[in-house]
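Some notes on the structure that comes next.
The values are calculated or read from the model by the stated rules, or taken from the named source; none is laboratory data. This one's a predicted model, so the numbers in the text were calculated from it and none came from an experiment. Counting neighbours? That spans all protein chains shown, and the Cβs are built from the backbone with ideal geometry, glycine included. What goes into the accessible areas is simple: the full protein's heavy atoms, side chains included, and nothing from ligands, DNA or RNA. Shrake-Rupley method; radii C 1.70, N 1.55, O 1.52, S 1.80 Å.
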Amino acid sequence: RLTLEIQEKMINDLRAAISSSASDGQKMLEELEFYQQVISNYSGNKGITVSGLRFVELGQTGEYEFDLVLRQRGDFRRAVNVELKIDIAGQIEEFEKSYSIDDLGEYSDYPMKAKFRHFFRHTGVVKFPEGFDPSATVVSLKSVGGDYKKSSFSWRATLQLATADN
């Protein structure tokens, strides 16, 4: 009987480990996709791109600090002017909902404007409504005279755990 109990415990432990590994594997695939999109820098990729995006939760209040880095790829002899928007998509009370960071924070100049030659960094704080479950972040970039080009990122890939220092 003791042998059967030990075997059952081992089987349950193995099932839990396999389940955890599958979840970890899916998260790693999402992160890999995000970093491949961010880091890829071959000659065919020219223009302005999102080079870094992360959100860090500030306590349990629904507030998040975000950090966005844009990069100009290719021939960057001149500074570029860009308008940018950030939208967070998700669910609230089982309904699909999307909020711009203008809705979630206090921004006097939205869409945001950036003029840069190589890199541009923007940080800020947003607060989600109670019950909002984010699923994706959409960054829209528009060069002067152009149309908005959107890049979508999985929420889990951009969410970073707060360190003990924060």
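Here is how the numbers come out for the structure above:
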{"read-out": "Selection count, the stretch 83-95, where residues are assigned to a strand (DSSP E or B) and either at pLDDT below 90 or under 13 Å from V138 (Cβ atoms) (or both)", "value": "7"}
{"read-out": "Tally of residues being over 22 Å from L58 (Cβ atoms) and hydrophobic (A, V, I, L, M, F, W, C) across the stretch 139-152", "value": "2"}
{"read-out": "Matching residues, the stretch 89-118, being within 20 Å of V56 (Cβ to Cβ) and of a type in the set (A, V, I, L, M, F, W, C)", "value": "A89, I101, L104, M112"}
{"read-out": "Flag for Q60 being under 30 Å from G25 (Cβ atoms) and in a loop (DSSP other than H, G, I, E, B)", "value": "yes"}
{"read-out": "Every residue from the stretch 74-113 that is closer than 27 Å to G145 by Cα and among the aromatic types (F, W, Y)", "value": "F76, Y99, Y107, Y110"}
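Residue by residue, here is whether (1) in contact with an Asp or Glu (Cβ under 6 Å, 6 or more places away or on another chain); (2) open to solvent by 70 Å² or more (accessible area, probe 1.4 Å); (3) among the acidic types (D, E) holds:
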| position | (1), (2), (3) |
| --- | --- |
| E65 | no, yes, yes |
| L70 | no, no, no |
| R78 | no, yes, no |
| I88 | no, no, no |
| G124 | no, no, no |
| V138 | yes, no, no |
